[in-house]
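A.B. asks: Would you mind keeping the following structure in view while I ask a few things?
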Amino acid sequence: MHKGFTLIELLIVILIVSIVYALGFSGVELDKGKPKALTPLNLKETITNAKWFNGKVSLLCLNQCKTCLLRKDISSPYTPYSNGIDLSNIKAYTIDASDTLTQIEYERYNDKKICLKMDFYPNGSSTQIILQNNKGTYFLPAYFEEAKRFDSPEDAKEYWLKNTKLVSSSGDYY
């Protein structure tokens, strides 16, 4: 009386399952390694958490922020950002020395108008900036916290100034 499988039968089943697995999952990529599309809310997080981020990185966006380029250090050339970009029609603002909200007018790169330029550093800091598009206004802090969404550039400016005063006032921020 024959009860069970022979060693040859088990090896054949394992071989068939291995071939089916290899053929079925060879083209499947896990989404873990791919960065998310750049948006104002995840811009800093996406760049600094990318597996290739190991030092100072400069981001340069052109063509009404539909195309972005990265430079991984000061001596490297700019290379195209190959993942998704959701930064169209971004306006960038900063606050000048007299606490006035000022739209940033960037220079040109290869005869194309720059709409956004940011630097990211190994310690997790970046260029502090206010971004506005048709979906809202966003404050991207230099340190500490994540990007926040606001209704207007003026609201983001008030938040920026409030945080600046907290940091500069004898340790109240901590």
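A.B. asks: Keeping to the stretch 106-116, report how many residues are assigned to a loop (DSSP other than H, G, I, E, B) and exposed (fewer than 11 other Cβ atoms within 10 Å of the Cβ).
C.D. replies: Residues flagged as assigned to a loop (DSSP other than H, G, I, E, B) and exposed (fewer than 11 other Cβ atoms within 10 Å of the Cβ) within the stretch 106-116 amount to 3.
A.B. asks: Look at Tyr121 and say whether it is at pLDDT 90 or above and under 22 Å from Ala50 (Cβ atoms).
C.D. replies: No: the conditions fail for Tyr121.
A.B. asks: Would you confirm whether any residue within the stretch 91-108 is of a type in the set (Lys, Arg) and under 23 Å from Ala147 (Cβ atoms)?
C.D. replies: yes
A.B. asks: Looking at the stretch 167-174, can you tell me whether even one residue there is modelled with pLDDT under 90, surrounded by fewer than 17 Cβ atoms within 10 Å (Cβ to Cβ) and in a helix (DSSP H, G or I)?
C.D. replies: yes
A.B. asks: Just checking, does the stretch 119-131 include any residue being within 24 Å of Ala37 (Cβ to Cβ), in contact with a Leu (Cβ under 7 Å, 6 or more places away or on another chain) and not in a strand (DSSP E or B)?
C.D. replies: Yes, there is a match, as at least one residue in the stretch 119-131 is within 24 Å of Ala37 (Cβ to Cβ), in contact with a Leu (Cβ under 7 Å, 6 or more places away or on another chain) and not in a strand (DSSP E or B).
A.B. asks: Has the stretch 143-151 got any residue that is closer than 19 Å to Trp52 by Cβ and free of Cβ contacts under 8 Å to residues at least 40 places away in the same chain?
C.D. replies: No.
A.B. asks: Can you pull out every residue in the stretch 122-134 that is surrounded by 11 or more Cβ atoms within 10 Å (Cβ to Cβ) and under 23 Å from Arg149 (Cα atoms)?
C.D. replies: Passing the criteria: Gly124, Ser125, Ser126, Thr127, Gln128, Ile129, Ile130, Leu131, Gln132, Asn133.
The values are calculated or read from the model by the stated rules, or taken from the named source; none is laboratory data. The structure displayed is predicted, hence computed values, not measured ones. Ideal geometry is used to build each Cβ from the backbone, glycine not excepted, and the neighbour counts take in all protein chains shown.
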